[in-house]
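> Below you'll find the structure I mean.
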Amino acid sequence: MTRPLRIGLTGGIASGKSTVSGLFAALGVPVIDADQIARDVVVPGSPLLARLVARFGDSVLTPAAELNRRALRERVFAQPADRAALEALMHPAIMEELQRRADAAGGTYQILAIPLLVEHKLSTSVDRVLLVDCPEELQLRRVQVRDGVTLSQARAVLAAQATRTARRAAADDVIVNEGDLEGLRGQVEALHIRYITLARETP
């Protein structure tokens, strides 16, 4: 393989993707995070932020001229047309920067953390799909605690994402995150060995 093996890491909201990414990073694995890129491409003065303001108005800016993510999220969540317009602006910019960073990152294999990998049908952009999975009831509890939302609000967030069944169907590997950190670490370390072996065996 002329480039590192690319593992697409995905999972539903509050499944534990960030924790898993951190465990891989602690092993020295390059991690390229689409969520971080989504923040980086809309910094004040960026062309993409200007396009977002042109489409959605100044109400999506904070007084410091930064993107008001909460205001934008609330606006597009209930408006399918606005949501589609936002994705049409954001998605190409995020994927272009993700590709650029992956090309520069090196490593035997890489973790590309892409929360909406299944929703955007991006399985073909990676060599394997790694799903961080947990029961939906656990996701709901975590979202309520983390974001301070009601159960009905948490259910609405989950309903807007791919189903657990769809994610599992797309996955080559699954990490089950319903126990403690040590259990999670053990699963990551086992996959780390497997991915190194796969990277070396792939022509």
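> Report the Cα centroid-to-centroid distance between the range 132-200 and the range 19-55 in angstrom, as an integer.
20
> Sticking with this structure for a sec: Restricting to Cα pairs below 8 Å that are 6+ residues apart, what does the relative contact order work out to for the range 33-175? Please round to a whole percent.
Taking the mean separation of contacting Cα pairs over the length of the range 33-175, I get 24 percent.
> What are the residues whose amide H is under 5 Å from the amide H of Thr163, where those residues sit 5 or more places off or on another chain and H is modelled from the backbone?
none
> Can you sort Leu130, Leu151 by 1.4 Å-probe accessible area, starting with the largest?
Final ranking, largest accessible area leading: Leu151, Leu130.
> Accessible area per residue for the range 101-203 in Å², computed with a 1.4 Å probe and the full protein assembly in place, what is it?
Computed with neighbouring chains in place, this is 54 Å² per residue.
> Sort Lys121, Lys17 from largest to smallest accessible area, using a 1.4 Å probe on the heavy atoms of the protein chains.
Descending accessible area places them as Lys121, Lys17.
> Helix 136-147 against the longest principal axis of the chain: what's the angle in degrees, Cα atoms only, rounded to the nearest 10?
The angle comes out near 50 degrees.
> Considering the values [x] 17.7, 53; [y] 28.2, 91; [z] 20.1, 60, which represents Rg and Dmax of the Cα atoms in Å as calculated for the structure under consideration?
Correct label, based on the coordinates given: [x].
> I've got another one for you. Only four residue types carry charge here, +1 at the Cβ of Lys and Arg and -1 at the Cβ of Asp and Glu. Report the dipole size of the range 157-203 about the Cα centre in Debye, rounded to the nearest 20.
So the magnitude is around 200 debye.
> Let me ask something else about it. With all protein chains present, how much of the accessible area of the chain (probe radius 1.4 Å) comes from carbon and sulfur, to the nearest whole percent?
Carbon plus sulfur share of accessible area: 54 percent.
> How much accessible area does Glu96 have with a 1.4 Å probe, in Å² rounded to the nearest 10?
About 140 Å², rounded to the nearest 10.
> Next question, about the same structure. Connecting C-alpha atoms closer than 10 Å in a GNM of the chain, tell me which of Gly11, Gly28, Gly57 has the biggest fluctuation.
Gly57
> Please work out how much accessible surface Leu5 shows to a 1.4 Å probe, ignoring ligands, DNA and RNA, in Å² rounded to 10.
Here the residue's solvent-accessible area equals roughly 10 Å².
> Let me ask you something else. For Arg155 and Gln36, what does the FRET efficiency come to when R0 = 22 Å and r is the distance between their Cβ atoms, rounded to the nearest 0.05?
My answer for the efficiency is 0.20.
The values are calculated or read from the model by the stated rules, or taken from the named source; none is laboratory data. Keep in mind that what you see is a predicted model, and the values were worked out from it rather than measured. Virtual Cβ from ideal backbone geometry, glycine too; neighbours counted across all protein chains shown. Each accessible area value is taken on the protein alone, full model and side chains, heavy atoms only, with ligands, DNA and RNA left out. Shrake-Rupley method; radii C 1.70, N 1.55, O 1.52, S 1.80 Å.
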